[in-house]
Every structure is written in structure tokens, then in C-alpha cells.
Amino acid sequence: MLVVMKHNASAEAIEAVVDAIQDMGYGARPIPGGQRTAVGLIGNDGRVDTARLEGMEGVLECIAVTQPYKQVSREWREEDTLIRLDNGTVIGGSEVVLMAGPCAVESEDQIMTSARLLRAAGATVLRGGAFKPRTSPYSFQGLGEEGLRLLAQAREATGLAIVTEAVDPAGVDLVAEYADIIQIGARNMQNYPLLRRAGQSGKPVLLKRGMSATINEFLLAAEYLLAEGNDEVILCERGVRSFDTHTRNLLDLTAIPVVKGLSHLPIVADPSHGTGLRSKVVPMGRAAVAAGADGLIVEVHPDPTRALSDGAQSLYPAQFEEMVGQIDVIARAIGRQLVTPLDAVPA
Ligand code: PEP
Ligand code: MN
């Protein structure tokens, strides 16, 4: 439930509502906003007796949050959530953010080359797995902590922020030491101990949609992160299983406007895993931006033919550059713009 305060409610009135909610045995989360402050009530299983709260000074109204995912919902927070990274990138605002890089960190040369050319092409976030959740136990599993060190080195050299995956609860703290954004992969979307740990990490989390997760399940998985006190969550549509075998997955573009209606959290699209085919990544990346995605996360490799994972869906750098030019036009057509490239930011 949400206690909406009048726009001129004093700090003392808000504090008194927080105290009253706690006195009733629930948790209270103040949610400051541009228009009004609200106080969210958590920990209730069913209806709450609102009479006591409605009579308090500064209270405008009490609204029931009908969605099962409470803090993730637009009922809880009307305004879009903005996530600000240390390098100036803002996710969830009018800018469309480009996250790009290889599927996995493979070597110093590979990640440094990738970082330099992606920065020059306009990306502001570098992706790359150090811990890889591979379908086969015999496939390359990533460089582990050495991979994280190489990502940090790439950030140092280029200013790109880092997004990289944590695959188990015990690994979250290590990834959080290096990453600007912790990725939770599709296979782990409902790994609740992992979600709870990531929710406690103090770092933004990029949560990928499970390959057969409904939108409700996806948003409830995000709720685990917010329930731990972390509201810096970026959702990621990365394709779902379908009956058709022509593509690896079916990129569910409709999920983008649907999620935007249901939640205040930013949502980005991953056309690489969403299609599995290099030749389909650029058209679906363009389409995702047209559908309202707050950014893209795209696999790009300096030499995809030699990639140790996901080479078949990794773009050549020149393809990425071409896509950025096209997305620039699409973003402006819908009242947005590409994120300011780091090259345009004075050092
Ligand atoms: C990845 O980003 O390389 C990855 C493994 O993605 P997903 O979890 O969406 O399969
Ligand atoms: Mn991959």
C-alpha cells in the first residue's frame, strides 16, 4: 500500500507516517518524487486498515498496490527510475544507452581492443563475462577473477563503465568489487539466493529475463532485488524460447512497452541473445530502440570468427558502428537521443 502525502506535507508529517506504519507492525519506505512524496508500506499480506493513516496530518490518500510486484510497479512509483553510473551514463532517461562488448573476456588484447573501438563508436558501458554460465560444462567458462581485473583495466584506460555477470551468491561480492553493474543472466533469473545477495550488493543490477519467464515472473524476480533495498535495477529483454528454430530465441519486443507501462524501472534489449544470428542483430537492435528500449546490450568482438563464446551472434565492429548511426536517427524520431559519447565529454 502507498500513503500519498500532500505536496506541501512537512518532513515531520512524513516522519510521523513512517512511525505510524512501523507501529502497526509493517515496514515503511519513503519515496520522494518531483510532484509528491509517498510512503510505501511493505510486509503486509493482505488488506491494511488505513483509517489511522488517512486521518494523519499531510496525508492526501492511501492507495492499494494491486500488482504482486509492489515496489517494481508504476503504482508504487509513477516517475521513471534513473540509474546514474560513475562515468556519467544515465539509464532510464531520454538518452538511449549503448552497452557493448564480447560475450566473454578472453585476453588482455581482446578486451582492450574491444573497449577502445567501442568507446570510439559511442558505447559508454563495456560488457564481457568473466564467469560464464554455459549450457555445456565443457564449453569455455570464463577467466574468473583475472577477467574482472582485465575489465577494470579496460575501464581505467577508456572510461567505459563495466557490466559483468555474477553466477552464484558467493560470487556477488567479488563481482561487485570490480563491476559498475552486476548482470544476472537468464538462467539465473529465478535464483532467489543470488537475487537477494545482488540486492544487498549496493551496485546497480542488470536482470535478464528468463528464457521462458512470463512478464509477471520477470517483474517478481526484480521485486526480490528491490525488497533487499536495491532499487537500481535495469531490466533486460533477451528473447524467450519459441517453437520456431530459425532463431536462437524470440526477442519479445512487445515486452518493452508492456514493462514500461507496468514498471518505473528502465528496460534494455539484448538483440544478440535475442536472435543468436549476427545478421539479425542490427535490425532487431533498431526495432528495440523504436519500441522504446532505454538502451541496448550487444555482443561485439574484434574477430568474431575466433570468439570463445557466442561468435555466431557477435557483430563485427564495423556493423556496430553502422547500427549506432541508424539508432541515432531512430532515437531522435521518437524524442530521444543517443547517450553522449565519452569522447564528447571533457576529461
Ligand atoms: C550473456 O550475456 O553472455 C548471457 C549469457 O546472456 P543470457 O543470460 O541472456 O543468456
Ligand atoms: Mn553471450
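All of the numbers you see were taken from the coordinates with simple rules; none came from a lab. Please read all numbers here as calculations on a predicted model, not as lab measurements. Because the Cβ atoms are built from the backbone with ideal geometry, glycine has one as well, and the counts that use them run over all protein chains shown.
If you check L265, L235, L296, which single one turns out to be touching a helix residue (DSSP H, G or I) at 6+ places or on another chain (Cβ under 9 Å), more than 16 Å from ligand 2 (Cβ to nearest atom), at negative phi and part of a strand (DSSP E or B)? If you could, list the steps in order and put the result at the bottom.
Numbers: L265 fails: part of a strand (DSSP E or B); L296 fails: more than 16 Å from ligand 2 (Cβ to nearest atom).
Exactly one residue qualifies, and that residue is L235.
Given the criteria within 17 Å of G129 (Cβ to Cβ) and within 12 Å of ligand 1 (Cβ to nearest atom), does L174 qualify? Walk me through how you get there before you give the answer.
Numbers: within 17 Å of G129 (Cβ to Cβ): yes; within 12 Å of ligand 1 (Cβ to nearest atom): no.
In short, no.
Any chance region 220-242 includes a residue that's farther than 30 Å from E177 by Cβ, aliphatic (A, V, I, L, M) and more than 13 Å from ligand 1 (Cβ to nearest atom)?
Checked region 220-242: no residue is farther than 30 Å from E177 by Cβ, aliphatic (A, V, I, L, M) and more than 13 Å from ligand 1 (Cβ to nearest atom).
Please determine, by comparing only the residues of region 144-163 that are of a type in the set (A, V, I, L, M) and within 18 Å of R84 (Cα to Cα), which one is surrounded by the fewest Cβ atoms within 10 Å (Cβ to Cβ).
A161
Restricting region 45-86 to residues that are polar (S, T, N, Q) and under 27 Å from the mean Cα position of the chain (by Cα), which is surrounded by the fewest Cβ atoms within 10 Å (Cβ to Cβ)? Full working, then the answer.
Restricting attention to region 45-86, the residues satisfying the condition of being polar (S, T, N, Q) are 50, 66-67, 71, 73, 81.
If we keep only those that are under 27 Å from the mean Cα position of the chain (by Cα) as well, we get 66-67, 71, 73, 81.
Details: T66: 8, Q67: 17, Q71: 24, S73: 19, T81: 18.
If we take residues in region 45-86 being polar (S, T, N, Q) and under 27 Å from the mean Cα position of the chain (by Cα), then T66 is surrounded by the fewest Cβ atoms within 10 Å (Cβ to Cβ).
Just the residues that are among the β-branched types (V, I, T) and touching a residue at least 40 places away in the same chain (Cβ under 8 Å), please, taken from region 134-163.
Filtering region 134-163 for residues among the β-branched types (V, I, T) gives 135, 158, 162-163.
The answer is T158, V163.
Considering only residues of region 199-214 that are assigned to a strand (DSSP E or B) and either of a type in the set (F, W, Y) or farther than 14 Å from I162 by Cβ (or both), which is nearest to ligand 2 (Cβ to nearest atom)?
Taking region 199-214 and keeping what is assigned to a strand (DSSP E or B), we get 205-208.
Within this subset, residues satisfying the condition of being either of a type in the set (F, W, Y) or farther than 14 Å from I162 by Cβ (or both) are 207-208.
Working: L207: 16, K208: 10 Å.
The residue in question is K208.
Give region 268-282 a look and list any residue that's away from ligand 1 (no atom under 14 Å from the Cβ) and out of contact with any helix residue (DSSP H, G or I) (no Cβ under 8 Å at 6 or more places or on another chain), or say none. It would help to see each step written out before you state the result.
Step one: filter region 268-282 for residues away from ligand 1 (no atom under 14 Å from the Cβ), giving 277-280, 282.
Result: S279, single match.
Take the conditions within 16 Å of ligand 1 (Cβ to nearest atom) and among the hydrophobic types (A, V, I, L, M, F, W, C) and apply them to A318. Does it pass? Before the answer, list the steps.
Numbers: within 16 Å of ligand 1 (Cβ to nearest atom): no; among the hydrophobic types (A, V, I, L, M, F, W, C): yes.
Criteria not met by A318.
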